[in-house]
Amino acid sequence: MKVYVINKRDRPLMPTTARKARLLLKFGKATIHRREPFTIKLIYGSTGYTQPGNLGIDAGYKSVGFSAVNSTEELIGGEVKLLERISERLAERRQYRRQRRNRLRHRQPRFNNRCRLRGWLAPSIQHKLDSHHKIIKLVKEILPIKKVTVEVASFDLQKIKNPDIEGKGDQQGEQLGFSNLREYILHRDNHKCQNPNCKNKAKQPILQVHHLGFWNQDRSDRPSNLITLCSKCHTPANHKPGKFLHGWKPKLKSFKPETFMTLVWRKLTTDVGYEATYGYITKDVRREYQIEKSHHNDAFVIAGGTNQRRIEPIKYQQVRRNKRSIEQFYDAKYIDLRDGNINSGTELFSGRRTRNKNENTENLRKYRGQKVKQGQRRIKVHRYPYSQHDLVLYEGKVFSVIGMQNKGKGADC
């Protein structure tokens, strides 16, 4: 295990061993600077002699690999899993902001504050770009780095979808000729329910468009997030955990990673002075030295690693700091008169989905038997010391915090 060291002027030095760091802390010659990765700060003066290394970054949409290497060993390495669902969280924030501002409807309008500066990026893209810079900044704060190299790429999405495209076709999207998005999705799916286990035997089933990411709050209307289902398969019961729509990921190609890299590759390299490399170069080096494919290993090769001594990779995962939801609703439970099982009120629902009665399904409320669990609302009164994904040791077992409501009495783990 390596312990990273900075001097009393916050300049990074070479890492040391855990034993030496423990002695420095014991005799008061150093203090703890940060816990993860573990870094100490020297109190006394030092010569400042270092052997600077190269930092390699395997840029990505969902995960980022990083590795710092010098001529003899790998100094640090690992992988960061980036936060997802930024768009949905922004939509939630916009909802609360509108509610708050509706109470100030007499306030003078401020439309001029809504301008977009040159080089503006969508917030979800900007967050992932900022995360890359944050990782680089963290490593440079604890290690002497002389060069940063980032693996980037630029993609022609039209060429990926259709290699034979040419002329004006390169300027036309996949939805050309369709009056709306729903019509395009139904045409793409051949006007058939895409559930492989669909048991709807109607000659002309009622077709609906389902958001694949509905189970994790992804409600975006991009084609790769939409699929055709019939009204028998597209029910609230099938959205519940354990049912087939919860976590269902059919093979629909999404070009989010390619779009992200196309938008930000210059901002990751030339705009900030980092060097650029490309995937085919990394792949050739991995093959030559028989290095397994992973984000961490790619970053090791990007930094100039070949046969240097490796270290145990660090695994990070970004988490949100605060859940904005003030109220949490838990559904009531009933005995299902058909089979005696316990189901929620959402599963035994009225069948009404739209104002068009022809698209409604069977009213299942008549099958609600005795109520075995009362529905409840849990209110978050103030900010608690525990946040989502915090690990808590309770009665000898480790739990992950989901949320906190009702003055801490309703903690979910």
- Item | Verdict on residue 160 being modelled with pLDDT of 85 or more and either loosely packed, with under 13 Cβ neighbours inside 10 Å or not charged (D, E, K, R) (or both) | no
- For the stretch 321-331, indicate whether the set of residues that are of a type outside the set (Val, Ile, Thr), crowded, with 17+ Cβ neighbours inside 10 Å and in a helix (DSSP H, G or I) is non-empty. no
- Task: Identify, by number, the condition in (1) small (Gly, Ala, Ser); (2) closer than 20 Å to residue 319 by Cβ; (3) surrounded by fewer than 13 Cβ atoms within 10 Å (Cβ to Cβ) that residue 124 doesn't meet.
- Result: (3)
- Answer from 67, 87 - the residue that is out of contact with any Phe, Trp or Tyr (no Cβ under 9 Å at 6 or more places or on another chain) and either on the phi > 0 side of the Ramachandran plot or touching a residue at least 12 places away in the same chain (Cβ under 8 Å) (or both): 87
- For the stretch 204-250, the count of residues that are part of a loop (DSSP other than H, G, I, E, B) and over 19 Å from residue 180 (Cα atoms) equals 20
- Please work out if residue 298 is of a type in the set (Asp, Glu), surrounded by 11 or more Cβ atoms within 10 Å (Cβ to Cβ) and out of contact with any Gly (no Cβ under 6 Å at 6 or more places or on another chain). no
- Picking from 339, 271, 298, which residue would you name as being closer than 16 Å to residue 57 by Cβ, outside any strand (DSSP E or B) and out of contact with any strand residue (DSSP E or B) (no Cβ under 6 Å at 6 or more places or on another chain)? 271
- Query: Where residues in the stretch 75-103 are within 30 Å of residue 143 (Cα to Cα) and among the small types (Gly, Ala, Ser), which of them is surrounded by the fewest Cβ atoms within 10 Å (Cβ to Cβ)?
  - Reply: 78
- Criterion: in contact (Cβ under 8 Å) with a residue 40 or more places away in the chain and either over 27 Å from residue 304 (Cβ atoms) or crowded, with 19+ Cβ neighbours inside 10 Å (or both) - qualifying residue of 39, 31: 39
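The values are calculated or read from the model by the stated rules, or taken from the named source; none is laboratory data. Predicted model only: the values in this text are computed from it and were never measured. Neighbour counts are summed over all protein chains in view; Cβ atoms, including those assigned to glycine, are modelled from backbone coordinates with ideal geometry.
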